[in-house]
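Notes for the one structure printed next.
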Amino acid sequence: MSRALVFLAVLALGLPAGAAATATDIGDGTLSIKDGRGSFTIAARGGIIGTFARGSVVITDPVADDGTGPIVSGDDWPPVYRNETTTVYGGTRVRFRLIGGRFRIKVQGTGVNLSLVGKGQITLNGKGTGDDGTYSVNGESPIPVPDIWQFLLSSTSP
């Protein structure tokens, strides 16, 4: 009987802590951009892969050892090193990725395709041509890229 009471007491103490942890833990969200035209800024923790037909990407990786670091290929222009954590790449048919850790990326160009899994602040800024590509959040149906929109990406994002 005393073992059962001890077990129930420990269980009762653990339930509120477990419930609080799950109530505040928000999972990763997903963002997909297809054939984007404009400027797309992502400040997040997670992983991103992307390409663009023509343009530039500014990558800030503030912590060198918290992920793969930036991997960029196809850049025609010589990289511009703004400081020890920020580099600008550009050209045509550029591919980039960062997996794991915290980063900030700003892609400006045409033919932007990217996929992000993580949590963070997103800014979509289409060129206003009426055909600035599409985006999808958390697997929802794709919708046109707006002229400007900011939101927080997580598993609970609209």
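What does the net charge come to around residue 109 if you take all other residues with beta carbon closer than 13 Å to its beta carbon, with K and R at +1 and D and E at -1?
Its environment carries a net charge of +2.
Taking the Cα-to-Cβ direction at residue 121 and at residue 138 and moving 7 Å from each Cα, how far apart do the two end points lie in nm?
2.1
From the phi of every residue in the range 30-38, what ³J(HN,Hα) in whole Hz does the Karplus formula 6.51 cos²θ - 1.76 cosθ + 1.60 yield, where θ is phi - 60° and glycine or proline is x?
Working through the residues one at a time gives 10, 9, 10, 10, 10, 6, x, 9, x Hz.
With a ≥ b ≥ c taken as the square roots of the eigenvalues of the C-alpha gyration tensor of the range 49-158, please select rounded if a/c is under 1.5 and otherwise prolate if a/b is larger than b/c or oblate if it is not?
oblate
Whose amide H sits under 5 Å from the amide H of residue 111, counting only residues 5 or more places off or on another chain, with H placed in the peptide plane?
Hits under the 5 Å cutoff: 36, 53.
Provide the net charge surrounding residue 50, with neighbours chosen by a C-beta distance below 10 Å and charges set as Lys +1, Arg +1, Asp -1, Glu -1.
Result for the neighbourhood of residue 50: +2.
Count the net charge of all other residues whose Cβ sits under 11 Å from the Cβ of residue 129, scoring Lys and Arg as +1 and Asp and Glu as -1.
Net charge in that neighbourhood comes out at -1.
Would you mind checking which residues have amide H under 5 Å from residue 94's amide H? H placed 1.01 Å from N; only 5 or more apart, or other chain.
Those lying under 5 Å, H to H, from residue 94 are 52.
So between residue 92 and residue 66, what do we pick up on full extension, going 0.36 nm a residue minus the alpha carbon distance?
Working it through step by step, the gained length comes to 6.5 nm.
Enumerate the residues in the range 80-107 having an amide nitrogen under 12 Å from the point lying 7 Å beyond the Cα of residue 73 toward its Cβ.
Residues 94-97 fall inside that zone.
Based on the mean of other Cβ atoms within 10 Å per residue, sort peptides 28-35, 64-71 so the most packed one is first.
Ranking, from highest mean packing down: 28-35, 64-71.
Taken together, the values in this text are just the output of simple stated rules run on the coordinates, not laboratory data. Treat the numbers as computed from the prediction; the structure is a model and nothing was measured. Using ideal geometry, Cβ is built from the backbone for each residue, glycine included, and neighbour counts are taken over all protein chains shown.
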